[in-house]
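Structure, as structure tokens:
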Amino acid sequence: MVSLNLFLALAAILFCIGLYGVLTRRHLVIILVSIELMLNAVNINLVAFSSIGPFANITGQVFTIFVITVAAAEAAVGLAILIALYRNRSSIDVIKQDLLRW
Amino acid sequence: MIQNAWLIPLLPLAAFVILLLGGRQLKQAAPVIAIASVAGAFVLSSVVLMERIGGDTFAATVRWLTIGPVDVTMGFEVTALNSLMLFVVTAVSLLVHIFSKRYMAEDGRIHVFYGYLTFFTFSMLGLVLAPNLLQLFIFWELVGLCSFLLVGFWYFKKEAADAAKKAFLVTRIGDVGLLVGLVLLFNATGSFEYGAAFAAVEAGEVSGTMVTVIALCIFLGAVGKSAQFPLHVWLPDAMEGPTPVSALIHAATMVAAGVYLVAVTYPLFLASGTALTVVAYTGAITAVFAASIALVNTDIKRVLAYSTVSQLGLMMLALGTAGYVAGLFHLMTHAFFKALLFLAAGSVILALHHRQDITRMGGLWHRMRTTAVTFLIGTLAIAGIFPLAGFWSKEAVLAAVWANGDVVLITLAALTTVLTAFYMFRLFFRVFAGTYRGDVEAPAENGKTVTVPLIVLAVFAVTAGFVHFPLNGYWLEGFMTAGLNYGDQAHGGLGLAAVSLLLAAAGAGLAWRLYGKGEESGMQEKVPAVHHLLENKYYIDEIYAAVIVRPLMTLSRLFVEVDRWIIDGAVNFTGAITFRTGRQAGKQHNGQLQTYGLVSVAGGIALIAAVFAVRGYFG
């Protein structure tokens, strides 16, 4: 029996890598990919608790399916925005996207 | 008609509203409307007076406010006292309105002038008709306002604007006293109604000290309004207003409101010997004090102003020595002959193109015969020469003082009689006798609208005394005191009449000896110190400036600085802090997605760390 803590540690590592990517990379596509990584870290958590958590039940797995579905939709919308942005600004460098400032 | 006496003040009010709304268009019709309304009021007042003489007191009130168990009412009341006042006020007001038509003819704002004048008449009549002290106080403030507006009518003259302010502020001191007195009286008796409040006082429901305090507070109001020492300083300055205003407001009616106030609240004063003594002494001191200043002043209107202050002092003196009828009788006769003197002075001023310095007059007897004769009648009346009005009323005042028996008061009253005759005849001689010293070519009479009011007032000044003299058994006394218990009214005998006549003749004779030729007497060289003191009005204005005005100004300037730097500083400081913080915080809003993310993450971590640290989950 693999300890729950190992899964949680894996999820935490994955989440931090994703967060690091979101906060440091300048390319918007990479940022989107990093967000997917963070979502997957959450999914691992949900599945882990669902199967070997103190109150194991199916809800966590169902919720994971939801997250994957929503993530797919979000990726589609995100990429669409990204393309629109590129068409307008000829760049998807996140540092240059600073129109909304004081 | 007596049931409809409330219509009397409403007529001038209607005229005021018309002039207020359409004065500019009416222009030439404005005086006519005003005169017509006041004439209507005069007719009604005469009818009311006749009915009151033949009938009884009438009062009608409606409930205005209910505060807890107390009803505050509004209404009107026609008593012997105020029916007489109604007649005097409307009569003088009517004549002044007529007189002003010519006096103010060249003024482009004549409709405004008549508007104020009618509004004043309304306020004064309202004051007189008031059946309770609260209503009286409201109208009391209104007449003060009108006085302010009319003194400052030529506001573009700095002296006039200053005088208006001074009049308003100095009388304000008295008004505060009056208000405090009213509140105390209400507190002690639970009513503003004359009858109910005085009944409570007479029934001994109010402690003796309290009655004295209330009476003195109310008297303070009277001191301010009637320009008694030490609040007399505003009245001479108020002469900067147009002369008809001086005649109406600052001689005949408004300044007499103080005397009227003491008269309507007389039971309070009778209940307090101290208050009565204070009234008597204030009046006596004012009478001599103002008369002495009038001896040397060289402005025709200011001499009359000081004379007014002095005569009001005599009225107060009479009231203070239990001479209820004497004080009011003198009020009535004084209203007529002082209005006459002011209007005659106005006639002279008009003829001389608004020059008021008597050293530049003289010799007008032949040039302005009607004015001169009426002025002489006024002079004789105020000096108390038999058988003019002033003789009878002054004799009544002296009788009251004599019956009171206080030697100091008797001396002061006698001295005032001499001084009054002296300064009035000095004024008369300087203006009308000798040779003309002015630079205006051929001064002459100003037409019927000026002379007719003078003649009418002169008739009053001669005859008004006959309502209260031995041959008709002192009729006024029976009328005024019917149903009232204000004690016995003193009557002077032949001896007193002879003495008072002698005193007046002495004053007049001395004036004739010194000024009979209309020229300077040379007194200022003979007694320079006295002359200087009088000419500078005992330095009262300077003393007030040094003791009150200047320290107050210094304090005010200090407060301005405190306000500017500390209060405003605190407010501005708060503003500046917010502004700077906002500006700095705004710079953090740089549009960088990742910076926001970093800050959020850092904040989230800090929050979690804090929660864990507090709850000890790390343990």
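The values are calculated or read from the model by the stated rules, or taken from the named source; none is laboratory data. Keep in mind it's a predicted model, so treat the numbers as computed, not measured. Neighbour counts run over all protein chains shown; Cβ positions are idealised from the backbone, glycine included. Side chains are part of the model used for accessible areas, which takes the heavy atoms of the whole protein and leaves out ligands, DNA and RNA. Shrake-Rupley method; radii C 1.70, N 1.55, O 1.52, S 1.80 Å.
Observations on the structure shown:
- Pairs beyond 26 Å (Cα-Cα), from B:157/B:537; B:301/B:394; B:301/B:448: none
- Computed from backbone phi, the HN-Hα couplings of region B:221-237 come to x, 5, 4, x, 5, 8, 6, 8, 4, x, 9, 7, 4, 7, 5, x, 5 Hz, rounded to whole numbers (Karplus: 6.51 cos²θ - 1.76 cosθ + 1.60, θ = phi - 60°; Gly and Pro given as x).
- Ellipticity estimate at 222 nm from DSSP helix runs (n ≥ 4, -39,500 (n - 2.57)) divided over chain A, nearest 500: -27000 deg cm²/dmol
- Accessible area buried, both sides summed, chains B and A with 1.4 Å probe, Å²: 1000 Å²
- The 3J(HN,Hα) values that the Karplus relation (6.51, -1.76, 1.60; θ = phi - 60°) gives for region A:58-75 are, in residue order, 6, 3, x, 5, 4, 5, 4, 4, 4, 4, 5, 4, 5, 5, 4, 4, 4, 5 Hz. Gly and Pro appear as x.
- Toward the positive end of the charge dipole of chain B, with +1 on the Cβ of Lys and Arg and -1 on the Cβ of Asp and Glu, the farthest Cα among B:521, B:134, B:571 is that of B:571.
- Of interest is the spacing of the C-alpha centroids, which for region B:401-469 and region B:1-17 amounts to 33 Å.
- Taking θ as phi - 60° and the Karplus parameters 6.51, -1.76 and 1.60, the scalar couplings of region B:250-262 work out to 9, 9, 9, 10, 4, 5, 6, 4, x, 5, 4, 4, 4 Hz in sequence order, x denoting glycine and proline.
- Label zone (residue B:298, point 7 Å along Cα-to-C-beta; backbone nitrogen cut-off 15 Å) within region B:400-432: B:427, B:430-431.
- Region A:4-94, relative contact order [Cα under 8 Å, separation at least 6], %: 29 percent
- Per-selection Rg to Rh, region B:37-86 - Cα, Kirkwood hydrodynamic radius: 1.14
- Long-range amide H partners of residue B:59 with built H, under 5 Å: B:78
- Kirkwood-Stokes translational diffusion coefficient of region B:577-619, alpha-carbon pairs, 20 °C, 1.002 mPa s, µm²/s: 172 µm²/s
- The distance from the alpha carbon centre of region B:88-160 to that of region A:18-33 is 87 Å, rounded to a whole number.
- Within region B:537-587: Cβ-based charge dipole about Cα centre, in debye rounded to nearest 20 (Lys, Arg +1; Asp, Glu -1): 380 debye
- Residues in region B:583-619 that a label on residue A:63 would reach, taking backbone N under 15 Å of a point 7 Å out along Cα→Cβ: none
- Ordering B:380, B:281, B:177 by the projection of their Cα atoms onto the charge dipole of region B:157-536, which places +1 on the Cβ of Lys and Arg and -1 on the Cβ of Asp and Glu, puts B:380 at the extreme positive end.
- Evaluated over the Cα positions of region B:537-587, the convex hull gives a direction-averaged projected area, one quarter of its surface, of 3.7 nm².
- Compactness of region A:1-90 is given as radius of gyration and Dmax, 15.7, 54 Å, from Cα positions.
- Region B:526-619, Cα convex hull volume normalised per residue, Å³: 143 Å³
- The residues of the protein assembly as shown have, on average, 44 Å² of accessible surface per residue, using a 1.4 Å probe with all protein chains present.
- Those residues of region A:49-64 whose amide nitrogen sits under 14 Å from the label point placed on residue A:2, 7 Å along Cα→Cβ: A:49-53
- Each Cα pair under 8 Å and six or more residues apart adds its separation to the average, and for chain B the resulting relative contact order is 11 percent.
- Distance between region A:45-102 and region B:550-619 - C-alpha centres, whole angstrom: 37 Å
- Grouping the Cα pair distances of region A:47-102 into 5 Å bins from zero gives a pair-distance distribution of 4, 16, 14, 13, 10, 10, 9, 9, 9, 5, 0 percent in increasing distance order.
- Straight Cα distances below 20 angstrom link residue B:526 to the aspartates and glutamates B:535, with same-chain residues fewer than 8 positions distant left out.
- Each Lys and Arg Cβ is given +1 and each Asp and Glu Cβ -1; about its Cα centre, region B:157-536 then shows a dipole of about 940 debye.
- Temperature 4 °C, viscosity 1.567 mPa s: under these conditions the Stokes-Einstein estimate for region B:157-536, based on its Kirkwood radius over C-alpha pairs, is 62 µm² per second.
- Student exercise, the protein assembly as shown dipole from Lys, Arg, Asp, Glu Cβ charges, in Debye to nearest 20: 2180 debye
- Close amide H pairs (under 5 Å, H built 1.01 Å from N) link residue B:361 with B:437, residues at least 5 positions away or on another chain.
- Calculated log₁₀ intensity ratio I(q)/I(0) where the Debye formula runs over C-alpha points of region B:103-246, q = 0.20 Å⁻¹: -1.14
- Taken over the alpha carbons of the protein assembly as shown as equal point scatterers, the Debye sum produces base-10 log I(q)/I(0) values at 0.05, 0.09, 0.11 Å⁻¹ of -0.41, -0.78, -1.15.
- Helical contribution to [θ] at 222 nm, DSSP H n ≥ 4, -39,500 (n - 2.57), averaged over chain B, rounded to 500: -23500 deg cm²/dmol
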